[in-house]
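For reference, the structure discussed in these notes is given below.
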Amino acid sequence: MAENIFWMPKEARWTYFNENFKKPEIVQLISNGVKKHNKAAIMVTHDERMLEYCDRVFQMNDGKLEQVKDY
């Protein structure tokens, strides 16, 4: 690793997603991949089925980002 280099694990790269996006477990694959490297993934979605894969959930209220307490 070099200074000023942005590195992403293979499982978080666009090519990995593009090769696997039709698999029903794609979100779990990405989640496991980034967590394996102690990295964080950010997902923006309107699909509440994805919430089970999230460590933290935020929502926008009146232009402000707020953490949802229920998750």
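Taking only the range 30-71 into account, find how many residues are closer than 23 Å to PHE6 by Cα and assigned to a helix (DSSP H, G or I).
So the answer is 7.
Consider VAL44 carefully, then state whether it is among the aliphatic types (A, V, I, L, M), in contact with a Phe, Trp or Tyr (Cβ under 8 Å, 6 or more places away or on another chain) and either at pLDDT below 80 or surrounded by 14 or more Cβ atoms within 10 Å (Cβ to Cβ) (or both).
Taking the combined requirement at face value, the residue does not satisfy it.
Taking LEU65 as the residue in question, decide whether it is touching a Ser or Thr at 6+ places or on another chain (Cβ under 9 Å) and not acidic (Asp, Glu).
No.
With the structure loaded, tell me whether ASN18 is exposed (fewer than 12 other Cβ atoms within 10 Å of the Cβ) and either free of Cβ contacts under 8 Å to residues at least 40 places away in the same chain or part of a helix (DSSP H, G or I) (or both) or whether it fails that test.
Yes.
Of (1) exposed (fewer than 10 other Cβ atoms within 10 Å of the Cβ); (2) part of a helix (DSSP H, G or I); (3) not hydroxyl-bearing (Ser, Thr, Tyr), VAL27 satisfies all except one. Which?
The number of the failed condition is (1).
Can you work out which of the residues in the range 1-15 that are of a type in the set (D, E, K, R) and in contact (Cβ under 8 Å) with a residue 12 or more places away in the chain is surrounded by the most Cβ atoms within 10 Å (Cβ to Cβ)?
GLU11
Tell me which residues, restricted to the range 51-71, are within 24 Å of PHE17 (Cα to Cα), modelled with pLDDT of 75 or more and either touching a His at 6+ places or on another chain (Cβ under 8 Å) or surrounded by 10 or more Cβ atoms within 10 Å (Cβ to Cβ) (or both).
Once the filter is applied, which keeps residues that are within 24 Å of PHE17 (Cα to Cα), modelled with pLDDT of 75 or more and either touching a His at 6+ places or on another chain (Cβ under 8 Å) or surrounded by 10 or more Cβ atoms within 10 Å (Cβ to Cβ) (or both), the range 51-71 yields LEU51, GLU52, CYS54, VAL57, PHE58.
The values are calculated or read from the model by the stated rules, or taken from the named source; none is laboratory data. Not measured: the values here are computed from a predicted model. Note that each Cβ is placed from the backbone with ideal geometry, even for glycine, and that neighbours are counted across all protein chains shown.
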